[in-house]
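Only the coordinates and a few stated rules stand behind these numbers; no lab work does. The shown structure was predicted, so the numbers you read here are calculated from the model rather than taken from an experiment. Cβ sites come from the backbone with ideal geometry, for glycine too, and all protein chains shown count toward neighbours.
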Amino acid sequence: MPTKEDLAIAKQMPDAGGHFGDFGGRYVSETLMAALQQLEQTYEKLWRDPQFQAEFDYDLAHYVGRPSPLYHAERLSAELGGAQIYLKREDLNHTGAHKVNNTIGQALLAKHTGKPRVIAETGAGQHGVATATVAARLGLECQVYMGIEDVRRQALNVYRMKLLGAEVIAVESGTRTLKDAMNEAMRDWVTNVDNTFYIIGTAAGPHPYPKLVRDFQAIIGREARQQCLAQTGKLPDALIACVGGGSNAIGLFHPFIEDADVRMIGVEAGGYGIETGQHAAPLSAGEPGVLHGNRTYLMSDDAGQIIGTHSVSAGLDYPGVGPEHSYLKDIGRAEYVAINDDEALDAFRRLTQVEGIMPALESSHAVAEAIKMAPTMDKDQILLVNLSGRGDKDIHTVAEIDGIVV
Amino acid sequence: MSRITECFDKLKSQGRKALIPYVTAGDPGPKVTLPLMHAMVESGADILELGIPFSDPMADGPVIQLACERALLHGTRLVDVLDIVAQFRETDKTTPVVLMGYLNPIEVMGYAVFAEKASAAGVDGVLTVDLPPEEAVEFNQLMKAANIDVIYLLAPTTEEERVKQVCAAGSGYVYYVSVKGVTGSASLNVAEVAEKLEMIRRHTDLPVGVGFGIRDDESARAVSEVADGVIVGSVLVNKIAELSGNQEQIPEAVAAITASMRQAMDK
């Protein structure tokens, strides 16, 4: 167990080079170094600027609709007969997921750096939609890279992005999912670095992205902490959030790092099961390596090649994870588990039927873990689950599994 | 003195510039690379850059991405690449060989193990695209101890202060990426390159190789007038791709391109 001093150090991570212990850093080709240094300077200056903070807060309140509620899922809790489940309702944000917290922040950075064009990578399409949304609002040109496999799985979000004026570029290289979309976005950025701001969607990538994405997403945890205290008079016993790249999870976890009694549980995509090798759970079953600009836990083979992942949810279908999660795992502050496709689908249906809330398939992984844990706990204990997005985008996927054509 | 430094010194005394072809090891088949390396040397190549195939080559354009995919299709591993170099060294003791690739395969092998195996195989230099000097302190020490040059990239976006730092960390030569973009993308502007090289040379005595955007005899010749080395990749890999159905023709066909560039550079 980490000591109080360890946790105080953990809260201050990363170091000046963007390292979270052995993880993170800036592993990119030379062409991008200047742009990353410039981004770091811009960010560090603006993040401390009260005017920028006011602008960010204003947008979160009036454009995103924050604070998002903390909802006591009483009926689900009663059915499970154990811990009380509270849902942090990021699904109620504008655009339907937590992603917009970060795109608002990065778009403000883009505006301040004067770059007229933004690019993004997307898996489930939520980050792409959130980027296209803020680009529309600020009048920025926007191109979104998306694996062609995800374009097929998330047709609704693809069309949403087009309606918002963004161009969606289907990526056919590699495994044709999120990691390949990120490769293509990096290639675009290297080529157009002078006029383009790369809005990375998760708390991964080269420094300073893991830090700034976390800082923009930490509003989730700050609100949840206050709301839980106000509603229940105490802190939750455990936080539960799904982890693909891990931005919603780190946003929830970070404000609680020094609350040693609050367990932090990240839920990875177990796909067909960890034992099958067909999953997207690098923290549960991977090894440290270097990809997409940072050192982190990765799914690679014994020759160092990145291996294909599988998850029913496109947003978790990624072979790496944000470096801060790797660090929190190694120092023993956070725990990481995996939930299989079937369990996530069951949770999707159950929350929909019992609470009238349809979670994204990504968030359904977190709900599934809560469903597992709650019955083993006392009725006065609290599980705080980050409901990171809404499930409308996944209706086609679920219908297809049910053999229904919508 | 390293084989790379010796090579540049010798060329300098002859008033010539280095021709440095790049091919991806194992592309498109396991048996092609070794005869290809020898053929390129015979056609006038001075230093060979051998790509380590990687599943996610983020700094590369489609040509080299596909080369990686072809090499990975039959499972070319870093150990296989080292094995190719060892076989090359059985008959060629003088031509420097530089491995070029991404960090993760080396990371997974372990830096120390890699340094030992690469040195034993006869590797002279290593260029890891996604390992800037800031992250390479331990890596550099181990490579230095194994007498392997660590070659770094400089880009059009690299500012003067950073040029100093990068050059101080590297050895063998520095690799100037002549265009903003991925491999095989835009054409380079020789006047701009010349200007940048002048700045780089104020901060280092290392030879400067120029790559990205060199696609024919004319661009090779033009770059050779301002740089110490001309690095050519995508145009060769394209030829390899064309002939992937007739692999036995690859060494001769690729060597014809390098021979022609050599001639243009020596005019």
(request) Exposed loop GluC sites (Glu not before Pro) only (DSSP loop, at most 14 other Cβ atoms within 10 Å): please give the longest stretch of chain B free of them, not including the sites. (result) B:1-158
(message) Are there any trypsin sites (Lys or Arg not before Pro) in region B:185-214 that are in a DSSP loop and have at most 16 other Cβ atoms within 10 Å? List them by number.
(response) B:Arg202
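Mean 1/r over all different Cα pairs, inverted: what Kirkwood radius does region B:45-136 give, in Å?
Numbers: mean 1/r = 0.0730 Å⁻¹.
This gives a value of 13.7 Å.
Under 12 Å from the Cβ of B:Val210, count the other residues' Cβ atoms, weight Lys and Arg +1, Asp and Glu -1, and hand me the total.
On the way: positive: B:Lys17, B:Lys196; negative: B:Glu192, B:Glu225, B:Asp228.
Net charge in that neighbourhood comes out at -1.
Against the empirical 2.2 N^0.38 Å scaling, what ratio does the C-alpha Rg of region B:1-93 come to?
That works out to 1.17 for region B:1-93.
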(request) Please give, to one decimal in nm, the separation of the simple spin-label points placed at A:Val406 and B:Lys12, each 7 Å out from Cα toward the Cβ. (result) 6.7 nm
(request) For B:Thr24, enumerate residues with amide H under 5 Å from its amide H, sequence gap 5+ or separate chain, H modeled in the peptide plane. (result) B:Gly51
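Kirkwood Rh over alpha-carbon pairs of region A:1-106, then Stokes-Einstein at 10 °C and 1.306 mPa s: what D in µm² s⁻¹, rounded to an integer?
Values: Rh = 17.6 Å.
Using the Kirkwood radius from Cα pairs, D works out to 90 µm²/s.
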(message) Suppose we look only past 19 Å in the calculated P(r) of region B:135-186. What percent of the Cα-Cα pairs does that tail hold?
(response) 35 percent
(request) Please compute the net charge surrounding A:His325, taking Lys and Arg as +1 and Asp and Glu as -1 over other residues with Cβ under 12 Å from its Cβ. (result) -1
(message) Just want the ordering: B:Leu11, A:Leu387, B:Leu82, from fewest to most Cβ atoms lying within 10 Å of their own Cβ.
(response) B:Leu11, B:Leu82, A:Leu387
(message) Using a Debye calculation, one point per C-alpha and no hydration shell, please list log10 I(q)/I(0) for region B:201-267 at q = 0.18 Å⁻¹ in order.
(response) -0.69
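In square nanometres, what is the average projected area of the Cα convex hull of chain B? List each step's numbers first, then the result.
On the way: hull surface 49.2 nm².
Its Cα hull, projected and averaged over all orientations, spans 12.3 nm².
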(request) Just the number, please: percent antiparallel of the DSSP beta bridges in chain A, rounded to the nearest 5. (result) 30 percent
(message) Test of the criteria: in region A:121-163, which trypsin sites (Lys or Arg not before Pro) are in a DSSP loop and have at most 14 other Cβ atoms within 10 angstrom of their Cβ?
(response) none
(request) Report the normalised scattering of region A:117-214 as log10 I(q)/I(0) at q = 0.11, 0.18, 0.20, 0.21 Å⁻¹, calculated by the Debye formula with identical scatterers on the alpha carbons. (result) -0.27, -0.75, -0.93, -1.02
(request) Before rounding to the nearest 500, sum -39500 (n - 2.57) across all DSSP H runs of length at least 4 in chain A and divide by the residue total; then give [θ] at 222 nm in deg cm²/dmol. (result) -13000 deg cm²/dmol
(request) Please label the shape of region A:247-350 as rounded, prolate or oblate, based on the square roots a ≥ b ≥ c of the eigenvalues of the alpha-carbon gyration tensor (a/c under 1.5 means rounded; beyond that, a/b larger than b/c means prolate, else oblate). (result) oblate
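Ratio of alpha-carbon Rg to the 2.2 N^0.38 Å globular estimate for region A:294-361, to two decimals, please. Provide the component values of the computation, followed by the final result.
Numbers: Rg = 15.2 Å, N = 68, 2.2 N^0.38 = 10.9 Å.
That ratio works out to 1.39.
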(message) Please list, in order along region A:342-358, the HN-Hα scalar couplings obtained from phi with the Karplus expression 6.51 cos²θ - 1.76 cosθ + 1.60 (θ = phi - 60°), rounded to whole Hz, x for Gly and Pro.
(response) 4, 5, 5, 5, 4, 5, 4, 5, 5, 5, 4, 6, 8, 10, x, 10, 9
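Report D for region B:143-267 in µm² per second (integer): Stokes-Einstein, Kirkwood Rh on Cα pairs, 25 °C, 0.890 mPa s. Each step should come with its number before you reach the end.
On the way: Rh = 15.5 Å.
Calculated translational D: 158 µm²/s.
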(message) Give me the one-decimal nm value for the distance between modelled label points at A:Ala61 and A:Lys379, 7 Å along each residue's Cα-to-Cβ direction.
(response) 4.0 nm
(message) Please list, by residue number, every one of the GluC sites (Glu not before Pro) in region A:133-186 that is coil in DSSP and has at most 16 other beta-carbon atoms within 10 Å.
(response) A:Glu172
(request) Based solely on C-alpha atoms, express the radius of gyration and the Dmax of region A:353-403 in angstrom. (result) 12.9, 41
(request) Return the Rg/Rh value of region A:170-228, two decimal places, where both radii are evaluated on C-alpha atoms and Rh is the Kirkwood radius. (result) 1.13
(message) Largest first, please: the extent of the C-alpha atoms of region A:305-406 along each principal axis, to the nearest Å.
(response) 47, 47, 19
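How charged is the neighbourhood of B:Pro156? Take every other residue with its Cβ under 14 Å from the Cβ of B:Pro156, and add Lys/Arg as +1 and Asp/Glu as -1. Walk me through the numbers before you get to the answer.
Numbers: positive: B:Arg162, B:Lys180, B:Lys196; negative: A:Glu30, A:Asp194, B:Glu159, B:Glu160, B:Glu192, B:Glu195, B:Glu198.
With Lys, Arg at +1 and Asp, Glu at -1, the net is -4.
Report, in deg cm²/dmol and to the nearest 500, the calculated mean residue ellipticity at 222 nm for chain B, where each DSSP H run with n ≥ 4 adds -39500 (n - 2.57) and the sum is divided by the residue count.
Values: 12 runs with 131 residues, N = 267.
One gets -15000 deg cm²/dmol as the mean residue ellipticity at 222 nm.
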(request) Divide the volume of the convex hull of the Cα atoms of the protein assembly as shown by its number of residues and quote the answer in cubic angstrom per residue. (result) 151 Å³
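What order do you get for B:His74, A:His292, A:His19, A:His127 when you list them from fewest to most C-beta neighbours inside 10 Å?
Values: B:His74 12, A:His292 28, A:His19 19, A:His127 31.
If I rank by nearby Cβ atoms, fewest first, I get B:His74, A:His19, A:His292, A:His127.
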